Amino acid sequence: MTKPTPGSRWKSAVCDTEAVVVRPASSGAVPECGGVAMVPAAEAKPDGGTIAAGFDGGSQMGKRYHDEATGMEALCTKAGQGTLGVEGRAFALKEAKKLPSSD
């Protein structure tokens, strides 16, 4: 199985979500979407998968998601119905850095 590396592209096995790994997990875990492991973008999507309960909150294009426990960070490049995550946990939305005041 392919390990995620910085810049590697992944697509969901259960919905239309696509993401780029910004920072891989320290454990080498594969990103998940909809509670199911994602597949590399170049590989064929398996048939018949469904989104697991509790992982149907969706993902937003252009948003960064991260997991504190593994250190994994991913950028969503195509929105979908599945929630991005890793090792059975949903990613948290990463907030933009606040810029200092220019006054």
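For this structure, a couple of remarks:
- Summarising the label geometry, the points placed 7 Å from Cα in the beta-carbon direction at Q60 and T5 lie 3.2 nm from one another.
- With all protein chains in place and a 1.4 Å probe, the accessible surface of the chain carries 52 percent carbon and sulfur.
- Per residue, the solvent-accessible area of region 1-77 (1.4 Å probe, heavy atoms of protein chains only, all protein chains present) comes to 52 Å².
- Here the chain is treated with +1 on each Lys and Arg Cβ and -1 on each Asp and Glu Cβ, and its dipole about the Cα centre works out to around 260 debye.
The values are calculated or read from the model by the stated rules, or taken from the named source; none is laboratory data. Given the structure is predicted, the values throughout are model-derived calculations rather than measurements. Backbone-built Cβ (ideal geometry, glycine too); neighbour counts: all protein chains shown. The area values use the complete protein model at the heavy-atom level, side chains included, leaving out ligands, DNA and RNA. Shrake-Rupley method; radii C 1.70, N 1.55, O 1.52, S 1.80 Å.
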